[in-house]
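The values are calculated or read from the model by the stated rules, or taken from the named source; none is laboratory data. Treat the numbers as computed from the prediction; the structure is a model and nothing was measured. Positions of Cβ are backbone-derived with ideal geometry, glycine not excepted, and every protein chain shown enters the neighbour counts.
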């Protein structure tokens, strides 16, 4: 159903966490591509080493040092997106059947990976030998980890997988001090260019404690040999220039523009929601791509799948709350609404359609029909 | 040592299995890139589905059907190179601590992956519940699986991971009937564009029996969400055109050119070896990128590492035989010599340097010194 909805131009897509197409710097990436392909030896098209481009690792290390972490280029491994970095981190840090602390809600693809590996996600930080957290900008909530929770996370022993994917998209422009800076000996730090540049390049990274590095590179090599040479060469040339006459981008200026762009979208979607669904509750996000919204407590439990189906029928999609929860609980009913990729002018209509589906789902007969047909 | 050698322009590189830079169709790939990036919605830069581009899957299915297999586009999963396809296939087919039959020699990165997963590679086909084979063109031997061995492989039950990486680079231009055509219910078929187009794109594929498909896509998604959108868009546009005025490449004509190119290199390296090292034994390869050569039986066992070190000191690199063997045995001493990427005009000199190192290693004092310094 989600796929059909994504392919249907009549459905306003508030699902998926996609960056805005308008923010892909197509011309600059094309220029970077042409420079990279012309380089002697054509490293952009050839095999490379498992740990990835030295220049790109240097860039990542530099950005993290500016946020207080002690990181050298050799501590960084370029991965095929953040997802692979999370997968490698879990393989390094977790033993079979371990519990993994993830908090009350978290990134669905991490949850699925944890389960697929035979590990068990749980909502608490204290107790599990491994934790997966998004301290800078949480997905789906869009907030920073509160200081007390951060202290709790750092206070307990064991490994922490720190997913920093949205850190540079905090709307206030102050990416938090990474956990890596405070516990480098047990934090496995994950980052990506997918949200700030392009997910199509598949460029992420993993920073691991020195004792795990050799094993991490081995695992990376076994997984897929190396991240895309082409993606790395384009990213490197775009970010840092070609070492000759093509300069690198002003990355901080780009990030500032992106923050303004997405903050405005967050404001507009929030406004549309408050107008069309005044009884729903949400907190304005501090960064990222989405609003995490709770439905009011209904007189009886509303079926999440039926609501999703009604929404898609009304012409709007969202990510259902149960996919973000370690126990897959569909209640209390919540949804992730992404403001990142849909047209801004569609937000009021998207909110109205959501409200329409919400009212419709209140009609008992309709709910039953929908559920029956979906589950048939 | 191998890394230092690869970075040293004075060392003639016969290691690594890299395609020739001269064969990257840079201009056509650049054209494909520019078309792909300009497409509405910029799918080349955006997230895509885990199983990969439908057009690319259609292309792969069509090529396999032409070789006798019954394959539909939905049976194909686009992977981040062949290595990831092998990794997924093992995850699907092998249980913890399984033996994996691999033959007497095989692809080192597959061996490392098998070991890293806690599985045990063994040289025999009969017995292990899972087998990993390269029936069309073997790496490192460059030959096809003999009919009797093929029958043995198909005759025993259990899963077979079929690595088809070099199949289209059989010099006679007749890619073998894949095992997939004969045992579709238990063959997990692996292919790639790395040898015929560019490894930098990281485009491979995995074809799995229908009952494993859903699980395979889940595992793929958990590993890294999806193969590079950019690599897929470039490959798809290059191979199949942009659906408008840019036509796809004549892939069969390109493959025919590549076969002539690499066959000539195989001939020239073979000639140089016979001239400089007449006592070494090798069979002319039927395809692929390398010659698998055996040293003559020396009066005493020659230390493989010392020989490699002497070769690099003399200015030539190779892949040591032990890395291709399931038991890592360094004897009988053998080497993989890649004719794919080094300059053709360097082959006579490369062979002379190898001969020099071989004679030098025969001097007992030198060997001992070398080994001592390497292991210090």
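Things to note:
- Per this entry, residue A:296 is not counted among residues that are over 21 Å from residue A:343 (Cα atoms), away from chain B (no Cβ under 14 Å) and at pLDDT 95 or above.
- Restricting attention to region A:34-57, the residues being at the interface with chain B (Cβ under 9 Å from one of its Cβ atoms) and surrounded by 22 or more Cβ atoms within 10 Å (Cβ to Cβ) number 3.
- Residue count for region A:283-315 satisfying the condition of being surrounded by 23 or more Cβ atoms within 10 Å (Cβ to Cβ) and over 21 Å from the mean Cα position of the chain (by Cα): 4.
- Taken as a whole, the condition of being under 29 Å from residue B:46 (Cα atoms) and surrounded by fewer than 21 Cβ atoms within 10 Å (Cβ to Cβ) does not apply to residue B:216.
- Exactly one residue out of A:289, A:261 is within 28 Å of residue B:229 (Cβ to Cβ) and touching a strand residue (DSSP E or B) at 6+ places or on another chain (Cβ under 8 Å): that is A:289.
- Filter result (more than 13 Å from chain B (Cβ to nearest Cβ) and either farther than 19 Å from residue A:154 by Cβ or touching a strand residue (DSSP E or B) at 6+ places or on another chain (Cβ under 6 Å) (or both)) within region A:106-120: A:120
- Matching residues, region A:1-27, being in a helix (DSSP H, G or I) and away from every other protein chain (no Cβ under 11 Å): A:4, A:5
- Residue list for region A:125-138, filter: more than 14 Å from chain B (Cβ to nearest Cβ) and modelled with pLDDT of 95 or more: A:128, A:129, A:130, A:131, A:133, A:134, A:135, A:136, A:137, A:138
- The residues listed here are A:224, A:245; of these, the one that is over 19 Å from residue A:64 (Cβ atoms) and assigned by TED's automatic domain parsing to the domain that holds residue A:61 is A:224.
- Taken over region B:64-105, the residue count meeting the criterion of being assigned to a helix (DSSP H, G or I) and away from chain A (no Cβ under 14 Å) is 5.
- Condition check for residue A:191: within 14 Å of another protein chain (Cβ to nearest Cβ) and at pLDDT 95 or above: no
- Taking the listed residues B:177, B:202, B:213, B:170, the one that is within 14 Å of chain A (Cβ to nearest Cβ) and touching a residue at least 60 places away in the same chain (Cβ under 8 Å) is B:202, with no other qualifying.
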